[in-house]
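Student: Have a look at this one.
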Amino acid sequence: MSCSLFLSFCVCIQFLKVIKFTNELIPKMSLFTRVLTKGAYDLIFFAVVFGISMFAFCMLFYIQLGSFMDDFYSQTSSAIALAKALFGDFPFEEIIDNSRGYTNGILFLVYLFVAVFILLSMFLAILGEAQAAVRGDQEEEEEAGVAPPPYGVLTIFAGQLKWI
């Protein structure tokens with residue numbers, strides 16, 4: 001591993017630590033980390049299911065199209081092509097052109113349906129459920145009177161400015 005790669009990882013991690021410090025200073029900003037913490041176990045199991053389904057489709061297209069298309073010539077390039085397809089960059093016309101029939105095109109549409117509609121919906125449902133639980137916890141803290149001021153240090157500074 002080169003020194004610049006190591007340094008870039010260190011810089012990235014240091015900047016991500018800023019999130020931790022802002023969570024302490026301004027509790028309203030802790031929603032991101034609290035939601036991820038609340039949904040961590042569900043997200044881990046989702047990642048396993050997502051990884052298995054991606055691997056299955058990766059192997060399918062590697063075997064079906066690997067000898068015909070550059071996007072699927074190896075398992076790694078097949079995985080990258082399928083990951084790009086999740087973001088809308090997919091070679092559908094090229095798949096149809098390099099296939100004898102429409103089977104590979106239909107299989108690719110099945111992949112997009114499973115990955116985008118089913119798996120993405122599951123991912124968003126997990127995050128939505130975790131966010132609802134975090135919001136409920138915040139409301140309980142507010143009702144009990146133990147919640148910190150939502151804007152933390154900024155609330156204290158605003159209070160100080162009113163007295164001046």
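The values are calculated or read from the model by the stated rules, or taken from the named source; none is laboratory data. Note that the structure is a prediction, hence the values are computed from the model and not measured. Every residue, glycine as well, gets a Cβ built from its backbone with ideal geometry; the counts of neighbours run over all protein chains shown. Remember, those area values only see protein heavy atoms, side chains included, never the ligands or the DNA or RNA. Shrake-Rupley method; radii C 1.70, N 1.55, O 1.52, S 1.80 Å.
Student: Report whether or not LEU107 is in a helix (DSSP H, G or I), open to solvent by 30 Å² or more (accessible area, probe 1.4 Å), modelled with pLDDT of 85 or more and farther than 30 Å from THR155 by Cβ.
Tutor: Values: in a helix (DSSP H, G or I): yes; open to solvent by 30 Å² or more (accessible area, probe 1.4 Å): yes; modelled with pLDDT of 85 or more: yes; farther than 30 Å from THR155 by Cβ: yes.
Answer is yes for this residue.
Student: Quick one: would you say LEU5 is open to solvent by 50 Å² or more (accessible area, probe 1.4 Å), in contact with a Gly (Cβ under 7 Å, 6 or more places away or on another chain) and either farther than 30 Å from PHE108 by Cβ or among the aliphatic types (A, V, I, L, M) (or both)? Break it down into steps so the answer makes sense when it comes.
Tutor: Values: open to solvent by 50 Å² or more (accessible area, probe 1.4 Å): yes; in contact with a Gly (Cβ under 7 Å, 6 or more places away or on another chain): no; either farther than 30 Å from PHE108 by Cβ or among the aliphatic types (A, V, I, L, M) (or both): yes.
It is false that LEU5 is open to solvent by 50 Å² or more (accessible area, probe 1.4 Å), in contact with a Gly (Cβ under 7 Å, 6 or more places away or on another chain) and either farther than 30 Å from PHE108 by Cβ or among the aliphatic types (A, V, I, L, M) (or both).
Student: Here's a follow-up. Considering only the range 130-141, I want to know if a residue exists there that is part of a helix (DSSP H, G or I), out of contact with any helix residue (DSSP H, G or I) (no Cβ under 9 Å at 6 or more places or on another chain) and among the hydrophobic types (A, V, I, L, M, F, W, C). Quick ask: steps written out before the conclusion?
Tutor: Residues of the range 130-141 that are part of a helix (DSSP H, G or I), as a first pass: 130-141.
Now restrict to residues that are out of contact with any helix residue (DSSP H, G or I) (no Cβ under 9 Å at 6 or more places or on another chain): 132, 136, 139-141.
Among the residues that remain, those that are also among the hydrophobic types (A, V, I, L, M, F, W, C) are: 132.
Yes; the residues of the range 130-141 include at least one that is part of a helix (DSSP H, G or I), out of contact with any helix residue (DSSP H, G or I) (no Cβ under 9 Å at 6 or more places or on another chain) and among the hydrophobic types (A, V, I, L, M, F, W, C).
Condition check ((1) under 30 Å from SER77 (Cα atoms); (2) modelled with pLDDT of 95 or more) across all residues:
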site	(1), (2)
SER4	yes, no
LEU7	yes, no
CYS12	yes, no
GLU24	no, no
SER30	no, no
ARG34	no, no
ASP42	yes, yes
VAL48	yes, yes
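Student: Give me a count of the residues in the range 6-40 that are in contact (Cβ under 8 Å) with a residue 40 or more places away in the chain and among the small types (Gly, Ala, Ser).
Tutor: Looking only at that region, the number is 1.
Student: Can I ask one more? Can you name the residue in the range 41-52 that is more than 19 Å from GLN131 (Cα to Cα) and free of Cβ contacts under 8 Å to residues at least 40 places away in the same chain and is also farthest from the chain's Cα centre (by Cα) among such residues? Talk me through it step by step, then tell me what you get.
Tutor: Of the range 41-52, the ones more than 19 Å from GLN131 (Cα to Cα) are 48-52.
Within this subset, residues satisfying the condition of being free of Cβ contacts under 8 Å to residues at least 40 places away in the same chain are 48, 51-52.
Numbers: VAL48: 13, GLY51: 13, ILE52: 16 Å.
This residue is ILE52.
Student: Take the conditions in a loop (DSSP other than H, G, I, E, B) and surrounded by 13 or more Cβ atoms within 10 Å (Cβ to Cβ) and apply them to PHE90. Does it pass? Break it down into steps so the answer makes sense when it comes.
Tutor: Working: in a loop (DSSP other than H, G, I, E, B): yes; surrounded by 13 or more Cβ atoms within 10 Å (Cβ to Cβ): yes.
Criteria met by PHE90.
Student: Only one of these is among the aliphatic types (A, V, I, L, M), buried (at least 16 other Cβ atoms within 10 Å of the Cβ) and more than 29 Å from GLN138 (Cβ to Cβ): MET59, MET54. Name it. Steps first, answer last, please.
Tutor: On the way: MET59 fails: buried (at least 16 other Cβ atoms within 10 Å of the Cβ).
Result: MET54 is the single residue among MET59, MET54 that is among the aliphatic types (A, V, I, L, M), buried (at least 16 other Cβ atoms within 10 Å of the Cβ) and more than 29 Å from GLN138 (Cβ to Cβ).
Student: Looking only at the range 24-42, count how many residues are surrounded by fewer than 14 Cβ atoms within 10 Å (Cβ to Cβ) and outside any helix (DSSP H, G or I).
Tutor: Residues flagged as surrounded by fewer than 14 Cβ atoms within 10 Å (Cβ to Cβ) and outside any helix (DSSP H, G or I) within the range 24-42 amount to 0.
Student: Right, something else. LEU120 passes all but one of (1) open to solvent by 40 Å² or more (accessible area, probe 1.4 Å); (2) over 25 Å from the mean Cα position of the chain (by Cα); which number fails?
Tutor: (2)
Student: Still on this structure: Criterion first (modelled with pLDDT of 90 or more, of a type in the set (Val, Ile, Thr) and touching a Gly at 6+ places or on another chain (Cβ under 9 Å)) does ILE126 satisfy it? Break it down into steps so the answer makes sense when it comes.
Tutor: Numbers: modelled with pLDDT of 90 or more: yes; of a type in the set (Val, Ile, Thr): yes; touching a Gly at 6+ places or on another chain (Cβ under 9 Å): yes.
So ILE126 passes the test.
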